[in-house]
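What follows is a single structure, written as structure tokens, with notes after it.
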Amino acid sequence: MSQDRPASHSQLPADKELVLKVIPMPADTNGNGDIFGGWVMAQVDLAGSVLPARYIRGRMATVAVNEFIFKQPVRVGDLLSFFAEVTRIGNTSMTVQVEVYAEHIRTQGSYVKVTEASLTYVAIDENGRPRPIQKPGEESVAP
Ligand SMILES: CCCCCCCCCCCCCCCC(=O)SCCNC(=O)CCNC(=O)[C@H](O)C(C)(C)COP(=O)(O)OP(=O)(O)OC[C@H]1O[C@@H](n2cnc3c(N)ncnc32)[C@H](O)[C@@H]1OP(=O)(O)O
């Protein structure tokens, strides 16, 4: 069963954009009564896609997730805040760093960093093949 988490409070990142907030529910728990890691990973995948979506403006696929680190358990009813930053824009892919912070109803205004991950998304065409990403400041080229 879940115990109270030790005090290990974090500042919210000023250099990343808040891209998603969500509250996990009892249906999202594992056998320990904590939130299932796979559920958190799915939310991180969605959160990580938000900034690339602004560049890619079309279909995209997650090609890689690196160094998924679970630092603290997530509890039912925590308010999770997902912060993201683009760390690389390649030819057809973009890499994003996502950090997740939990806020508990009894300790509002205090945040615990629960996980972080680096994800790479590929812009894909209608055939599911990689297509070039238009980088900021680049003119679009007519086909
Ligand atoms: C406006 C605001 C609202 C927005 C609101 C959100 C809306 C937006 C919703 C969408 C939400 C999507 C988020 C869920 C997305 C899934 O859940 S997708 C499902 C899971 N993923 C898949 O099924 C993908 C399966 N893989 C594939 O189909 C193919 O591998 C791919 C992705 C098309 C790539 O094809 P490939 O031939 O392997 O590609 P390749 O030419 O070798 O490499 C392409 C690029 O990927 C990179 N790459 C390849 N392998 C790796 C690797 N292991 N590590 C790192 N990079 C790699 C390459 O370096 C290359 O990058 P560039 O150098 O060109 O920049």
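The values are calculated or read from the model by the stated rules, or taken from the named source; none is laboratory data. None of these values were measured; they are calculated from a predicted model. Here Cβ is always computed from backbone atoms with ideal geometry, including for glycine, and neighbour counts include all displayed protein chains.
Selection of region 121-135 for residues being within 6 Å of the ligand (Cβ to nearest atom) and touching a Ser or Thr at 6+ places or on another chain (Cβ under 6 Å) yields Val122, Pro130. Per the conditions (1) surrounded by 16 or more Cβ atoms within 10 Å (Cβ to Cβ); (2) more than 27 Å from Pro130 (Cα to Cα), the sole criterion not satisfied by His104 is (1).
Taking region 31-57 as the range and being aromatic (Phe, Trp, Tyr) and either closer than 11 Å to Val74 by Cβ or not in a helix (DSSP H, G or I) (or both) as the test, the residues that pass are Phe36, Trp39. Residue count for region 36-58 under the criterion of being within 9 Å of the ligand (Cβ to nearest atom) and surrounded by fewer than 13 Cβ atoms within 10 Å (Cβ to Cβ): the result is 3. Would you confirm whether any residue within region 120-134 is at pLDDT below 95, surrounded by fewer than 21 Cβ atoms within 10 Å (Cβ to Cβ) and either part of a loop (DSSP other than H, G, I, E, B) or on the phi > 0 side of the Ramachandran plot (or both)? Looking through region 120-134, at least one residue is at pLDDT below 95, surrounded by fewer than 21 Cβ atoms within 10 Å (Cβ to Cβ) and either part of a loop (DSSP other than H, G, I, E, B) or on the phi > 0 side of the Ramachandran plot (or both). Cβ separations smaller than 8 Å between residues 6+ apart or across chains give no pair from region 9-25 residues that are over 17 Å from Phe36 (Cα atoms) and of a type in the set (Asp, Glu) to residues that are modelled with pLDDT under 95 and surrounded by 12 or more Cβ atoms within 10 Å (Cβ to Cβ). Between Ala53, Ala102, Ala84, Ala64, the distinction of being touching a residue at least 60 places away in the same chain (Cβ under 8 Å) and hydrophobic (A, V, I, L, M, F, W, C) belongs to Ala84 only. Taken over region 107-117, residues that are surrounded by fewer than 17 Cβ atoms within 10 Å (Cβ to Cβ) and either at negative phi or in contact with a Leu (Cβ under 8 Å, 6 or more places away or on another chain) (or both) amount to 3.
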